[in-house]
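See structure below.
Any read-out appearing in this document is the output of simple, stated calculations on the displayed coordinates, not a laboratory observation. Keep in mind that this is a model prediction, so the values were computed, not measured. Cβ: placed from backbone, ideal geometry, glycine included. Neighbour counts: every protein chain shown.
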Amino acid sequence: MKSCDTLLRGTIITMDSERHAYLDGFVAIDKGLIVGVGSADDCDYDAKEMVGGDGHIVIPGLVNVHAHLVQGCIRGMAEGTTFEERLFGFYYPMTGACDEERSYISSMPPILDLVRRGVTTTADDHFTHVHKRSIDGVLRAVHDSGIRCRMARLILSDPENAPDGFRESLDEGLGETERVKTEWEDDFTTVTASTIGITYCTPDEFKEIWQWTVTHERQFDIHAPSVLDSRYLAERRGWDGGSFEWMDHEGLLGPNVIAAHAQTLRPSEAELIASRGASIALVPDMEQVLGLVDFDARKFLDNDVKCGIGLDGPVVAYGHDLWTALRGFLTAQRLGDQHRKEMSNKNEQWTGYETLFGSAELALELATIGGAKALQMDDRIGSLEVGKEADVVLIDRRGETHLSPPAALMPNLILGNGPSHDAISRVLVRGRTVVENGEHVSIDRRDAVRQSDALHETLLDEVDARKFVRMRSPFTWV
Ligand SMILES: [Zn+2]
């Protein structure tokens, strides 16, 4: 028998290239790395610690490919407000008022949401730099949670799209990115430069930021198309094509680009994205909340575009639960497919021989190896394979009424919104336990809620945003 630090037993969903799923299997971990995976019968490992067993499921740690974690203190406030009201009424003012300490407090609840549900890697896009060390607060909170982070520091300079105090010169923005990179990068954290979308700085600045990412071999992370893109491109750049077409025309659409949302594209843009090797951060849960009727990820998946699933900012992404987004991915796609069919005037009769697009397995694939590929981290994480770093989630399904019977494990797990909190017995990042029986091992979530609630109250008064609280609620709050 060989020895290792930790041995996990149960049904092993590997996400390796052949998608092996061992009904009775094992994962052996030593010094943070996976050293063995396979059927229980072939297990020749002895371990200091053995966990799992009958009734347990082992999956790779989940990957969230899109977030704005600093928005924790304004979570859910978008409901009942217009775009203008939320953006300039409380979104910019309240997050802009967050210094390092406040950003730490604000981002902790969504981070705990992520990690307690099995997310071991998150991307983040941070663009509120009124206090330059606000981003450090988010990074410190992620660091304390023990999960991985691909942080993008977004530079805003356009006076029409970014309020006073939020704009930076390119030199200042890139200089700060270098500082954050130097202070924070390690085995778990990477830092890159980007901007929100193509309307947030001049084309020359956009190119320079992109060039910085190429030079530093980092990702260029943008929202595309973002709301104002088509008007802005037409009015200010005399361009009547799409955002991706513009980027490609300028030579800025390449394999290091990851675009968030990427919905309502022009006809051939998905193929263009595929041919340039760019990645997509799908955000299906938020698209559904905002009522997007024609969500379409299939145009990417059919063209082998690297896609992951993300949650976006808490202001609109209610509850940072990636499992909800996995169900959302399937339901959004199926509703979108139906919508397109009805709009196509084909009048196809239902025959009873149709199957719906996708599967629970595909959804979980996007949240693990798919997300790892989209963030260019699949050489280290995203699957349970020998040599990879041990980012692992152990689920105890023995008391999970919604996960019975086990024959339909995957549909029940994904369409049933994932395991209960307390059924997540372990979350490991590089072999280190960060969550045990649904609770973070070192961060008190009641403290996190108390501090976030208090910060929210302080900020409402400080930036005069109380009028947006429960805006247009039909209840009589007394
Ligand atoms: Zn976003």
Distance in Å, no decimals, from the C-alpha centre of segment 108-131 to the one of segment 442-461 is 15
Residues other than GLU205 with Cβ under 15 Å of its Cβ, Lys/Arg counted +1 and Asp/Glu -1, net out at -4
Between LYS31 and ASP99, the two model label points (7 Å from Cα along the beta-carbon direction) sit apart by a distance in nm of 4.4
Here the gain from full extension of ASP144 to SER473, 0.36 nm per residue of separation minus their alpha-carbon distance, amounts to 114.8 nm
In debye to the nearest 20, the charge dipole size for segment 62-366, taken about the Cα centre with +1 at each Lys and Arg Cβ and -1 at each Asp and Glu Cβ, equals 540
The equivalent-ellipsoid semi-axes of the chain, taken as the square roots of five times the Cα gyration tensor eigenvalues and listed largest first in whole Å, are 35, 27, 23
Correct response: the longest run of the chain lacking exposed chymotrypsin sites (Phe, Trp or Tyr not before Pro), defined by DSSP loop and at most 12 other Cβ within 10 Å, is 1-349
Once LEU228 and SER268 are pulled to full extension, the length gained, defined as 0.36 nm per residue separation minus their Cα-Cα distance, is 12.4 nm
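For segment 364-452, what number results from the quotient of the Cα radius of gyration and 2.2 N^0.38 Å?
Computed over Cα atoms of segment 364-452, the ratio equals 1.24.
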Note, segment 305-313: 3J(HN,Hα) by Karplus (6.51, -1.76, 1.60, θ = phi - 60°), whole Hz, Gly/Pro = x, goes 6, 6, 10, x, 10, x, 10, 6, x
Net charge near ASP24 (other residues with Cβ under 13 Å of its Cβ; Lys, Arg +1; Asp, Glu -1) is -2
For the ARG380, GLU436 Cβ pair and Förster radius 30 Å, calculated FRET efficiency rounded to 0.05 is 0.80
Each label sits 7 Å from Cα toward the beta-carbon; between GLU361 and ASP42 the label points are separated, in nm, by 1.8
Lys and Arg at +1, Asp and Glu at -1: neighbours of VAL138 with Cβ under 12 Å from its Cβ sum to -3
In order over segment 249-256: 3J(HN,Hα) from phi, Karplus 6.51/-1.76/1.60, θ = phi - 60°, whole Hz, x for each Gly or Pro, gives 4, 8, x, 10, 10, x, x, 8
Cross-link reach from LYS346 to lysines, straight Cα distance under 24 Å and at least 8 residues apart if same chain, gives LYS299
Ranking PRO93, ASN347, TRP184 by how far each Cα lies towards the positive end of the charge dipole of segment 62-366 (+1 on Lys and Arg Cβ, -1 on Asp and Glu Cβ), the top one is ASN347
Working note, segment 1-122: Cα radius of gyration (Å, one decimal) and Dmax (Å, whole number) are 21.1, 64
Longest principal axis of the chain (C-alpha) makes with the long axis of helix 322-343 (C-alpha) an angle, in degrees to the nearest 10, of 60
Per the rule of 0.36 nm per residue minus the C-alpha distance, extending GLU49 to GLU185 adds in nm 45.9 nm
Its Cα gyration tensor gives segment 1-62 an equivalent ellipsoid whose semi-axes in whole Å, largest first, are 17, 13, 11
Taking Cα pairs closer than 8 Å and at least 6 residues apart, the relative contact order of the chain in percent is 20
One can check that the equivalent ellipsoid of segment 298-426, built from the alpha-carbon gyration tensor with semi-axes equal to the square roots of five times its eigenvalues, has lengths in Å, largest first, of 28, 20, 15
Note to self: C-alpha centroids of segment 45-65 and segment 213-282 sit apart, in Å, by 38
In whole angstrom, the spacing between the Cα centers of segment 134-157 and segment 308-350 equals 28
With Cα coordinates, the longest principal axis of the chain makes an angle with the long axis of helix 134-145, in degrees rounded to 10, of 10
Of the listed links LYS31/LYS132; LYS306/LYS388; LYS48/LYS306; LYS207/LYS388; LYS132/LYS207, those spanning more than 28 angstrom between alpha carbons are LYS31/LYS132; LYS48/LYS306; LYS207/LYS388
The simple spin-label model distance between ASP171 and GLU18, using points 7 Å out along Cα→Cβ, in nm, is 5.9
